[in-house]
Amino acid sequence: IAAANMPVTAKKSIVSIMQILFISLLIAHFFSCLWYMSGLYYLEKKEENWLTKHQIENSSWQDQYLLSLYWAVITMMTVGYGDIIPSNATETIIAIFTVIIGCGVYGFNINRIGSILKEINRGRNILNKNLKIINHFMERKNIDLDLRIKIGEYLRAALV
């Protein structure tokens, strides 16, 4: 019921933000899978890797994947707490590409969110401009103040 009363611009904005979130998580999933697979590869070769460094080589795959997803998100956001770091050349290369791609994704997301907010603001400005024009017209036609207020409230509710 709340979504039915929501303005079209707000619905589009919510959908756009959900798309941004989904794409970001998809990219993070891709890099977390690379990170996880590199750990498994070096685990089979019995060489040091991020799984052995954190002593989770015998944990469930869900726990290992969750930690690799955590690493991917933290790395993509360039926060990099330093709690999970590369242990070999392959992991270092994956980390480098994750940071480079993550910076691009982060920049794109910030730009897209800015565009969404700009569009919302543009819609409000158009609405306010149109309401001023209508109000000016009603003043010139000497329409009763109470009726003007009711019409303004109706238009705001209908157009917002």
For P(r) over Cα pairs in 5 Å bins from 0, in percent the list reads (i) 2, 9, 16, 20, 18, 14, 10, 7, 3, 1, 0, 0; (ii) 2, 8, 13, 13, 10, 8, 7, 7, 6, 6, 5, 5, 4, 3, 2, 1, 0, 0; (iii) 2, 9, 19, 23, 22, 15, 7, 2, 0, 0; the calculated value is entry (ii)
Rounded to the nearest 0.05, FRET efficiency between HIS29 and ASN58 (Cβ-Cβ, R0 22 Å) equals 0.40
In whole angstrom, the spacing between the Cα centers of segment 139-160 and segment 65-123 equals 48
For the chain, the percent of accessible surface on carbon and sulfur atoms (probe 1.4 angstrom, ligands and nucleic acids excluded) is 65
For the chain, dividing by residue count, accessible area per residue (probe 1.4 Å) in Å² works out to 70
For GLU57, the accessible surface traced by a 1.4 Å probe with all protein chains present amounts, in square angstrom to the nearest 10, to 60
Once the in-chain neighbours fewer than 8 apart are removed, the lysines whose Cα is under 27 Å from LYS141 read LYS129, LYS132, LYS150
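The values are calculated or read from the model by the stated rules, or taken from the named source; none is laboratory data. Computed from a predicted model, the values in this text were never measured in an experiment. Methodologically, a virtual Cβ is constructed for each residue, glycine included, from the backbone with ideal geometry; neighbour enumeration extends over all protein chains shown. All accessible areas refer to the heavy atoms of the entire protein, side chains included, with ligands and DNA or RNA removed. Shrake-Rupley method; radii C 1.70, N 1.55, O 1.52, S 1.80 Å.
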